[in-house]
Amino acid sequence: MIEARQNAQGPPAGPPFLGGGGEMGALIRAHDWAKTSLGPPERWPQPLRTAIRVLLNSGHPMYVWWGPELLCFYNDAYRRSIGPERHPRSLGRPAREVWAEIWDIIGPQIEQVMTGGGATWQENALVPITRNGQREEVYWTYSFGPIDDDNAPNGVGGVLVVCAETTEQVLFGQQAARDMERLAQLFQQAPGFMALLRGPEHVFDLVNPAYTRLVGRGDLVGQSVRSAFPDIEGQGFFELLDSAFTSGQAYSIFGAPIVFRDTPDSPARERLIDFVYQPIRNASGAVSGIFVEGSDVTDRALAEAAQRESEAQLRELARINQSEAQFRLLVRGVTDYAIYMLDPDGVVSSWNLGAQRIKGYEPEEIVGQHFSKFYTEADRASGAPARGLEVARREGRFETEGWRLRKDGSRFRAHVVIDAIPDEAGDVVGFAKVTRDITERMEAQQALEQAREALFQSQKLEAIGQLTGGVAHDFNNLLMAVLGSLELVQKRLPDDPQINRLIGNAIQGARRGATLTQRMLAFARRQELKREAIDLAGLVLGLEDLLNQSLGPLFTLSIEMAPRLPAVESDPAQLESALVNVIINARDAMPHGGAITLTTACEHVGPGAPDLAPGDYVRLTVVDQGEGMSEETLARAAEPFFTTKGIGKGTGLGLAMIHGLTTQSGGTLRLRSRLGEGAEVELWLPVATRDVARAGGDPLAATRASSRSLKILAVDDDELVLFNTVAMLEDLGHTVIQANSGEEALRALAETETVDLLVTDHAMPKMTGVQLARRVAAERPDLPIILATGYAELPPGEGEGLTRLDKPFSQKQLSDAVERVFDA
């Protein structure tokens with residue numbers, strides 16, 4: 001390898017056809033070919049020379065196998081794919097030796113080429129190889145082509161291989177196919193109709209069978225809505241789709257009539273539908289498509305209309321047919337409705353087939369029994385049966401819905417109508433009762449309402465999160481200016497206790513504001529987590545004194561730590577804040593004092609958990625004996641800005657912040673409570689896969705940066721923050737150059753020969769702090785850089801290696817950051 005580099009620095013050795021080729025060209029020229037069956041390059045046949053020249057001067061991965069031994073030649077582009085196990089020892093070695101592990105795959109293909117059978121082609125073929133010390137499933141697209149040589153057997157002197165590794169593309173395609181398959185399965189299994197539309201043209205990407213049955217069309221995927229349904233033009237549906245895509249707002253309509261014509265000459269087919277047009281947004285927030293979901297309610301509407309008509313007819317018949325015998329003959333064959341007669345006291349006097357099917361009683365089991373037998377115990381205790389008869393007697397008709405009992409004790413939801421039957425004198429001689437089982441319809445309606453409510457809540461929380469994150473980011477900048485200015489003013493004021501106290505109060509208030517923004521950012525999941533392995537037992541026990549002081553004498557705190565507790569992964573500072581917050585909430589729930597218990601346990605979560613991925617977790621539980629929460633309060637407890645503590649006593653962000661912290665850490669927050677029975681708060685945190693961070697470092701690091709005056713370039717687009725940063729740096733004894741943007745900072749660097757440090761904001765228009773750091777590193781790789789940011793808005797992988805400084809920061813935190821960057 002050393003010899004190859006030396007030869008690469010001088011003029012190329014050997015014949016001209018070996019010129020160029022980078023590292024592999026140098027290795028080929030330096031190789032002692034006289035010891036191989038090929039002999040010196042000057043004696044190589046012309047076809048081999050041509051192939052080697054093409055190979056060395058190509059940027060595409062290529063290699064050549066030559067002669068009966070199939071000796072290997074390859075270029076720089078190919079060597080990056082084979083790993084250190086084969087490079088550079090493969091050069092000049094027989095192919096069977098180099099690729100022994102896959103010879104059963106490629107050997108027959110090479111044999112075909114060498115025996116005159118022509119070229120072979122493989123696309124996205126799985127060829128597992130050992131690379132970088134481990135077995136890898138690698139996909140390749142490659143061709144084996146013959147290198148003609150009239151002096152060789154079969155006229156083929158060797159094999160030219162052109163290849164490309166396609167592992168990443170194949171795996172991505174496989175994952176995309178699996179994701180689409182799962183989505184398609186969900187679509188296939190959905191009871192209602194669903195479709196996924198793409199782009200402003202509303203092109204069908206997915207359609208489920210229920211949708212196909214509704215519209216009566218063939219394969220819709222790939223067609224636009226307008227081209228697939230010219231027959232519904234002018235009915236308003238296209239306009240609603242356009243409006244939903246343009247405005248980004250969802251539309252929902254219930255019982256909307258739609259008319260289809262399968263062909264221009266076919267009769268109109270009218271259906272009634274409930275549907276929702278839900279805009280879909282891409283990663284940048286722009287609307288990229290529409291999700292259509294709904295159900296065909298035509299049959300239900302017709303059934304309800306038929307029911308109303310049937311009931312009206314029955315009432316009319318009951319009034320015209322006052323004879324109980326005639327009425328029994330009329331309704332005896334009906335099976336979809338329980339229709340039976342009651343005497344004036346509510347005793348069953350007739351029983352039809354529908355009543356047998358729905359309620360399970362044979363006529364001989366129920367005739368002569370009071371109809372209250374079908375009511376629940378609670379309804380009987382409240383007098384519901386008698387009240388129904390009284391309303392029907394007084395008003396002529398009683399209608400309601402409620403739970404009823406079958407013979408086997410099971411419940412069903414019933415729609416009930418009781419009609420009074422008068423004689424010729426107008427006196428009530430009995431009642432006609434019609435009962436319909438509507439359990440399935442009610443359950444379907446409840447499921448639809450729950451799905452709509454879940455979608456609404458998800459959209460609401462997402463919108464609140466985006467608003468909260470943006471507001472908190474701006475507040476961080478404002479608090480940065482306030483805190484820094486107050487600190488500098490405090491240092492310059494005379495030693496006046498009253499003034500110092502006022503300044504101290506202002507600083508304390510600003511810091512409380514900073515804490516509030518951190519909670520807001522945690523809820524919005526934009527607060528940067530410094531995730532590391534944490535000794536949870538050490539963290540909790542280290543906080544024990546602080547927690548006891550926060551509780552006061554009326555409370556007792558019992559801490560029970562599980563033995564051999566593994567480390568967890570989270571942000572230690574935010575986890576401490578979350579734990580203190582939970583304990584304070586428990587204290588506030590017990591105004592007269594009481595006991596609080598903190599316990600930990602190791603848990604393993606398998607597949608199927610609604611809020612946790614499978615794996616190992618540590619569960620931290622805090623239990624109080626307080627007032628507890630009602631079901632309504634418990635459902636909203638982790639909602640942002642929701643509090644029961646009264647005005648001025650809570651921000652409503654505590655549990656929301658804890659929920660954001662645990663979720664970002666890979667865990668979850670769970671709450672349990674009943675009114676008057678206290679509450680349990682569980683923080684589930686994943687077991688860490690790295691070692692617990694240890695304190696340490698160079699004791700002299702704190703004095704290195706501060707031992708001399710530095711020339712520092714400070715960059716921020718917010719003038720208040722920039723002024724404050726410059727003032728703090730100058731107060732520390734440094735010389736500061738100011739810039740309001742990335743472009744202005746680059747100009748300042750170009751005009752200034754010596755700059756010791758760059759301190760830059762990240763969220764700036766046109767050029768972010770990370771982009772500026774990248775430009776500066778290319779021109780001045782030794783210049784230290786501090787990146788100041790108000791929240792974790794950096795995309796994954798950006799800003800790595802930069803010293804980070806969280807806003808708002810104090811002068812000491814700024815000074816510490818300067819010391820850290822020079823220590824690093």
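The values are calculated or read from the model by the stated rules, or taken from the named source; none is laboratory data. These numbers were taken from a predicted model, which means no experiment stands behind them. Cβ sites come from the backbone with ideal geometry, for glycine too, and all protein chains shown count toward neighbours. Only protein heavy atoms, including side chains, enter the accessible area calculation; ligands, DNA and RNA are left aside. Shrake-Rupley method; radii C 1.70, N 1.55, O 1.52, S 1.80 Å.
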### Task
Check the range 416-423 and report whether any residue there is surrounded by 14 or more Cβ atoms within 10 Å (Cβ to Cβ), over 23 Å from Arg300 (Cβ atoms) and among the charged types (D, E, K, R).
yes
### Message
With the structure loaded, tell me whether Val580 is touching a Ser or Thr at 6+ places or on another chain (Cβ under 9 Å) and either open to solvent by less than 20 Å² (accessible area, probe 1.4 Å) or modelled with pLDDT of 85 or more (or both) or whether it fails that test.
### Response
no
#### Entry: Candidate set: the range 131-168, residues that are in a strand (DSSP E or B) and among the β-branched types (Val, Ile, Thr); chosen: the one nearest to Pro94 (Cα to Cα)
Val159
### Query
Out of the range 263-282, which residues are over 18 Å from Leu196 (Cβ atoms), open to solvent by 40 Å² or more (accessible area, probe 1.4 Å) and in contact with a strand residue (DSSP E or B) (Cβ under 7 Å, 6 or more places away or on another chain)?
Ala268, Arg269, Glu270, Arg271, Leu272
### Task
Within the range 544-556, work out how many residues are outside any helix (DSSP H, G or I) and either modelled with pLDDT of 90 or more or buried (at least 18 other Cβ atoms within 10 Å of the Cβ) (or both).
1
### Query
So how many residues does the range 621-663 have that are open to solvent by less than 50 Å² (accessible area, probe 1.4 Å), at pLDDT 65 or above and not hydrophobic (A, V, I, L, M, F, W, C)?
9
### Query
So which residues in the range 589-599 are surrounded by 16 or more Cβ atoms within 10 Å (Cβ to Cβ), without any contact (Cβ under 8 Å) to a residue 60 or more places away in the chain and more than 18 Å from Glu560 (Cα to Cα)?
Met590
### Message
Which condition from (1) within 29 Å of the chain's Cα centre (by Cα); (2) touching a residue at least 12 places away in the same chain (Cβ under 8 Å); (3) exposed (fewer than 15 other Cβ atoms within 10 Å of the Cβ) is the one that Gln185 breaks?
### Response
(2)
### Task
Find all pairs meeting these conditions: Cβ atoms under 9 angstrom apart; at least six residues apart or on different chains; first residue within the range 359-371 and farther than 16 Å from Gly346 by Cα and of a type in the set (Asp, Glu); second residue outside any loop (DSSP other than H, G, I, E, B) and open to solvent by 20 Å² or more (accessible area, probe 1.4 Å).
Glu362/Gln356
### Spans of strands (runs of 3 or more DSSP E) in the range 716-824 with at least 1 residues open to solvent by 20 Å² or more (accessible area, probe 1.4 Å)
735-739, 803-806
### Query
Of all residues in the range 283-303, which are over 17 Å from His202 (Cβ atoms) and open to solvent by less than 50 Å² (accessible area, probe 1.4 Å)?
Gly285, Ser295, Val297, Thr298, Ala301, Ala303
#### Entry: Count of the range 370-385 residues which are surrounded by 13 or more Cβ atoms within 10 Å (Cβ to Cβ) and either aliphatic (A, V, I, L, M) or touching a strand residue (DSSP E or B) at 6+ places or on another chain (Cβ under 6 Å) (or both)
6
### Message
Just to be sure before I move on: is Thr115 touching a strand residue (DSSP E or B) at 6+ places or on another chain (Cβ under 9 Å) and loosely packed, with under 13 Cβ neighbours inside 10 Å in the structure I sent?
### Response
yes
### Message
If Leu330 meets every condition in (1) surrounded by 14 or more Cβ atoms within 10 Å (Cβ to Cβ); (2) at pLDDT 90 or above apart from one, which number is that one?
### Response
(2)
